[in-house]
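Student: This is the structure I have questions about; it appears just below.
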Amino acid sequence: MSLLETSDVRKRFDDRRVLEGVDLAVEAGELVVLMGPNGAGKSVLLSCLAGSATPDDGTISLFDGCGPTDPAAKGRTSVTLQGGIADPGLTGRENIAFYRDLHPSAGNRWRELADRFGIADDLDRPVQEYSGGMVRRLEATIALSADVPLYLLDEPTAELDLSVVQTIHETIRELTDEGRTVVLSSHAPLDADVADRLVFLTDGSVVASGPPDELLSTLPTVVRARGTSLPTERLLEGQTFGNGDEQRAFLPPETSVDDLEIGDGALGERDRSTYTDLFNYYAHVRSENRSERTQ
């Protein structure tokens, strides 16, 4: 049995469908990154896994059949949800102490992590004086200092500088190397680099799942043009993605780069697929009603 498994999980808020039949299995020691645009259902899914929200339909099983709200599961899971940990009226140190007293598996690693994440000198300041990135680093310090087999992390790298993101990645990878399991959400393509497996959600449904390299290898042809616009009528779903004076897009199977009519003096060429392309394809191009899994 998988360490974490969901079956046909569904969730609505009023008349809006947020999760629509999510099936997910995560093995012990696996690092799974839930990716998708804002509003895709990533945070709600993590809330359901953590027991903070209750699915309308479907089942969630942790640790040999425990439900998310079972005390046995709570004591073996460390969770950070956006805006759900740090109390702005307390100092960073007081927040850490509060959660150490609250969590049955709290450890003493917080000192090392606070130093590693660059907030050790700010722990005696009220959290209300922290920047958004500092709050994220405090939340990561609290969540990752717990000595548990499962970590559920909601966008832990949001608002962080690249160097801090890399440090978070290294810390998470150390945990999975020890056999711990991590499920984190993100809408930042850079987080794909740390994943054993990516799971893309769009409008509450899983549209792709697989190792990053395998998903990259199945992308349609990527084309880029500089100094001009790509002809949208020849592109997959007619969509382009800009980056400065460069446009990128995907080609339908029947279209080659030579078929594109690009203005004089402009550069148009096939390009290597990137994690940003991967995110754009599954978040913005791929039909939400079609499911694809690469195992």
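Student: Give the residue, chosen from Leu19, Leu46, that is in contact with a Ser or Thr (Cβ under 7 Å, 6 or more places away or on another chain), touching a residue at least 60 places away in the same chain (Cβ under 8 Å) and not β-branched (Val, Ile, Thr). If you could, list the steps in order and put the result at the bottom.
Tutor: Values: Leu19 fails: in contact with a Ser or Thr (Cβ under 7 Å, 6 or more places away or on another chain).
Being in contact with a Ser or Thr (Cβ under 7 Å, 6 or more places away or on another chain), touching a residue at least 60 places away in the same chain (Cβ under 8 Å) and not β-branched (Val, Ile, Thr) holds for just one of Leu19, Leu46, which is Leu46.
Student: Continuing with the same structure: Filter the range 51-72 for residues that are surrounded by 13 or more Cβ atoms within 10 Å (Cβ to Cβ) and on the phi > 0 side of the Ramachandran plot and give the result.
Tutor: The answer is Gly51, Gly58, Phe63.
Student: Okay, moving on. Residues in the range 62-86 that are within 18 Å of Pro104 (Cα to Cα), of a type in the set (D, E, K, R) and in contact (Cβ under 8 Å) with a residue 40 or more places away in the chain: how many?
Tutor: 1
Student: A further question follows. Scan the range 80-104 residue by residue and report those that are assigned to a strand (DSSP E or B) and modelled with pLDDT of 95 or more.
Tutor: Thr91
Student: With the requirement that a residue be outside the structural domain of Leu24 (by the TED database), among the small types (Gly, Ala, Ser), under 26 Å from the mean Cα position of the chain (by Cα) and part of a strand (DSSP E or B), what does the range 200-248 give you?
Tutor: Within the range 200-248, Gly242 is the sole residue that qualifies.
Student: Something else: Scan Ser229, Ser205, Ser186 and give me the residue that is among the hydroxyl-bearing types (Ser, Thr, Tyr), crowded, with 22+ Cβ neighbours inside 10 Å and touching a strand residue (DSSP E or B) at 6+ places or on another chain (Cβ under 7 Å). Give the steps one after another, and end with the answer.
Tutor: Values: Ser229 fails: crowded, with 22+ Cβ neighbours inside 10 Å; Ser205 fails: crowded, with 22+ Cβ neighbours inside 10 Å.
Every option except Ser186 fails the conditions.
Student: Restricting to the range 125-134, name every residue that is part of a helix (DSSP H, G or I) and under 11 Å from Thr91 (Cα atoms).
Tutor: The answer is Val127, Gln128, Glu129.
Student: If Leu219 satisfies all but one of (1) touching a residue at least 60 places away in the same chain (Cβ under 8 Å); (2) under 30 Å from Thr77 (Cβ atoms), what's the number of the condition it fails?
Tutor: For Leu219, the exception is condition (2).
Student: When you go through (1) modelled with pLDDT of 95 or more; (2) within 28 Å of Pro68 (Cα to Cα) one by one for Val164, which number turns out not to apply?
Tutor: Only one criterion in (1) modelled with pLDDT of 95 or more; (2) within 28 Å of Pro68 (Cα to Cα) is unmet by Val164, namely (2).
Student: Do you know which residues across the range 73-91 are surrounded by 16 or more Cβ atoms within 10 Å (Cβ to Cβ) and closer than 16 Å to Leu102 by Cβ?
Tutor: Matches in the range 73-91: Ala73, Lys74, Arg76, Thr77, Ser78, Val79, Thr80, Leu81, Ile85, Ala86.
Student: Which condition number in (1) under 25 Å from Gly179 (Cα atoms); (2) modelled with pLDDT under 95; (3) surrounded by 14 or more Cβ atoms within 10 Å (Cβ to Cβ); (4) β-branched (Val, Ile, Thr) is the one that Val18 fails?
Tutor: (1)
Student: Separate question: Working only within the range 272-295, note down all residues that are among the polar types (S, T, N, Q) and either in a strand (DSSP E or B) or modelled with pLDDT of 50 or more (or both).
Tutor: Kept after step one, since they are among the polar types (S, T, N, Q), are these residues of the range 272-295: 273-274, 276, 280, 287, 289, 291, 294-295.
Within the range 272-295, Ser273, Thr274, Thr276, Asn280, Ser287 qualify.
Student: Tally the residues that are free of Cβ contacts under 8 Å to residues at least 24 places away in the same chain and assigned to a helix (DSSP H, G or I), restricting the search to the range 141-187.
Tutor: The number of residues fulfilling the criteria is 5.
Student: Further, regarding this structure: Within the range 92-104, work out how many residues are surrounded by 15 or more Cβ atoms within 10 Å (Cβ to Cβ) and under 17 Å from Ser52 (Cβ atoms).
Tutor: Here the count works out to 2.
Student: Go through the range 108-133 and count every residue that is surrounded by 15 or more Cβ atoms within 10 Å (Cβ to Cβ) and modelled with pLDDT under 95.
Tutor: Here the count works out to 2.
Student: Another question, then. On the basis of being closer than 21 Å to Ala192 by Cβ, surrounded by fewer than 19 Cβ atoms within 10 Å (Cβ to Cβ) and small (Gly, Ala, Ser), does Ser163 make the cut?
Tutor: Against the criterion (closer than 21 Å to Ala192 by Cβ, surrounded by fewer than 19 Cβ atoms within 10 Å (Cβ to Cβ) and small (Gly, Ala, Ser)), Ser163 qualifies.
The values are calculated or read from the model by the stated rules, or taken from the named source; none is laboratory data. Predicted model, so just to flag it, every value in this text is computed and none were measured. Backbone-built Cβ (ideal geometry, glycine too); neighbour counts: all protein chains shown.
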